[in-house]
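Novice: Pasting a structure below so you can have a look.
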Amino acid sequence: MTVINRRSWSSAALLSCIQLISIVSTSCFSWSPLNHRQHTQFATLKPSSPQPYYSNSGGYEWKLNVASGDIATTTREKLETLATIANDALTEHGSDIFKSFKARVAVMSQSADEDTQQDALRLGLVATENIRKEDELVASLPFYDTDGSGLALAPHLATKLVYKDKLPEGYDGWTGDAGLLAMLLLNEMARLNVDGSKGIDLPTRKDGIPSLMSAWVTSLPSPEEMSNLHPLMWDEDDQEVLQSSSTKKIYRIMDDIEDDSSWLDENAWSLDRETFPETIKLQIGDSIEERQCFSTEGFRYAVSLVRSRSFFVDGSLRLLPYLDYANHDDFDSFELVGGGIGMLWGSAKGALLKSGKSLREGDEVCISYGPKGGADYLLDHGFVPPMCKASSTGGAVTSELTFEVDDTDRFRDDKLDILEYETYDLAPMEPSQVFDVTGGRPDPAMYQFLRLAKLGGKDAFLLESIFRKEVWGFMSVPVSEDNERAAVTAVIDACENALKEMDEIIDEEGSALSPKLQLCALVRGSERQALERTLEYVTQEAEALDLKEYYQERRLKDLGLDSDWSPEDDDVSFGGTRVPGGADYDW
């Protein structure tokens, strides 16, 4: 597979001319980051509490100004049309496909506070009956992983079934499983083309599933709507600000998408435009919309949808239609899990949606999107939840630091050999590693990697073949004061460089920020707190390196040579078991 060189980008954006964005369109849905799903363009931002973006309902909200009766009516009508189509499909086929589905798709209205008498409309799931207890099953969806005949989509269906004859054996794109799911999603869209089905007519599905899939696909936000909802679809200026606001770099993801789409276009799509058209037409409610499909823009759009809607369940990233309508709540909610689902012939593997609390009929059913940092939530789902908000108590703030074995290291080959063969049997390590920092004591695995990466000088003897099976274990504890200082200094430098890059953005910010840039500011504030706390901890650690015990001291202690020996002291033993002349041999 051809690899395109990574682009280089500047680290600061010109923000002085950016004004607060106000978009009001009669043809758009409203949206709240609590549901990154069905809803589209922003209008005037209305904070729902004195804290920017914080909502009493458990998340940051975009408020769409729908004071105009015509706009409010149009928005609600469109959402209700999509909900009706989805619910009709559920009514007709849901009991056969889902086995359990105690919910329906509904238009949700977020309550406004006293200062902003507006409603934010969005789609979600509401209970169709009382859920009497926590952990009660609300919905379940079988996988049908073997032939893909069900509703769920999994990455292996792309390589082993749908695109089996179009991709080389062992295809592994830069975008990984998200890219494979995006290819499946584009194929599902193409199959619904109003001018005649396109794409590959696989997988072959059970009765009722095509109707459910069609209703779900057409409810997805359009590319134009996603340009305001998801960072991967933002304009370049806003992406550049996010690039400097987080140690989790959006440009890495953008590079991966561009590399994969270029390869797919050259080796598959452009070779058969009858099957893989660049654009398609979809019936969306009462209108027909043209959308990018098998193209660079279409692939980026599909990846943004996959990142916002997929779940890691039962060892695989998956798209789980209809279960993914459930919105996120930080509290009283569970993640989707895998489990057995009772069938007529026994049981099958599937995804289970369980309630985090008791519900009454009509209450919204929420789930958790999992323990992630603010940047992960923004890059995946397009919002930042309260639990990732920087605060005096810390919250779930997190940042990322990346380290690698230097290309100029004279012992690089030895170190790469150790990382590949002598670390973890089932997961060989790459020469570049990413670690989370949350403030306070860093991850021990980060120091273990850095000690190996910085190993050299008088400590290089540990790289000899005699120690090859043990050296990775040696790295779990300090090796020498020089080596430990190099590892600690690497962490300090990484934190300082990340903070410096964020400072450049802060210096350029004006008083009025667009909603996207305020999200960047939330991520930046959270990560800055994690970096500053980590820097403080590691700086103090650097001042106490002489108090640590290193390899030499530990080895002498193991051999019983860590104290002075005198001939007059006949009680001294070596290694705790032998004394001079004390051997009991029968010659």
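Nothing in this text is a laboratory measurement; each read-out follows from the coordinates by a stated rule. None of the values given here were measured: they were computed from a predicted structure. All Cβ positions, glycine included, derive from the backbone under ideal geometry; neighbour counts span all protein chains shown.
Novice: Under 5 Å between amide H atoms, partner at least 5 residues away or on a different chain: which partners does residue 103 have, H built in plane at 1.01 Å?
Specialist: HN-HN under 5 Å from residue 103: 128.
Novice: Within 10 Å, count the other beta carbons around each residue, average over each peptide in 151-161, 475-485, and list them highest first.
Specialist: Peptide ranking by packing, descending: 151-161, 475-485.
Novice: Pairs of Cα atoms under 8 Å, at least six residues apart: use those to get the relative contact order of the range 308-352, whole percent.
Specialist: 32 percent
Novice: What number, in percent, do you get for the relative contact order of the range 136-180 if the mean sequence gap of Cα pairs under 8 Å and at least 6 apart is divided by its residue count?
Specialist: 27 percent.
Novice: Could you list which residues have their amide H under 5 Å from that of residue 339, counting only those 5 or more apart in sequence or on another chain, with H placed in the peptide plane?
Specialist: 350, 352
Novice: Please list, ordered by chain and number, the residues whose modelled amide H lies under 5 Å from the amide H of residue 318; skip anything fewer than 5 residues away on the same chain.
Specialist: The answer is 311, 312, 313.
Novice: Straight distance only, please: which lysines reach the Cα of residue 206 with their own Cα at less than 28 Å, same-chain residues fewer than 8 apart left out?
Specialist: 99, 102, 160, 164, 166, 198, 281, 349, 354
Novice: Mind putting a number on the dipole of the range 208-305 about its Cα centre? Charges go on the C-beta only, +1 for Lys and Arg and -1 for Asp and Glu, and I need it in Debye to the nearest 20.
Specialist: 440 debye
Novice: Summing +1 for each Lys or Arg and -1 for each Asp or Glu, what net charge is found among the other residues whose Cβ lies under 12 Å from the Cβ of residue 487?
Specialist: Local charge sum for residue 487: -2.
Novice: Something else about it: Once phi is turned into θ = phi - 60°, what whole-Hz ³J(HN,Hα) does the Karplus curve with 6.51, -1.76 and 1.60 give for every residue of the range 452-463, x standing for Gly and Pro?
Specialist: These are the phi-based 3J(HN,Hα) values: 5, 4, 9, 5, x, x, 5, 8, 5, 4, 5, 8 Hz.
Novice: OK, next. Among the lysines, which have Cα under 19 Å from the Cα of residue 372 when same-chain residues fewer than 8 positions away are ignored?
Specialist: 248, 249, 389
Novice: How large is the charge dipole for the range 410-478, taken about the Cα centre, if only the Cβ atoms of Lys, Arg (+1) and Asp, Glu (-1) carry charge, to the nearest 20 debye?
Specialist: 340 debye
Novice: Treat every Asp and Glu Cβ in the range 118-235 as -1 and every Lys and Arg Cβ as +1, leave all other atoms uncharged, and give the resulting dipole magnitude about the Cα centre to the nearest 20 debye.
Specialist: 260 debye
Novice: Can you tell me, using C-alpha contacts under 8 Å and at least 6 residues apart, the relative contact order of the range 292-441 as a whole percent?
Specialist: For the range 292-441, the relative contact order is 16 percent.
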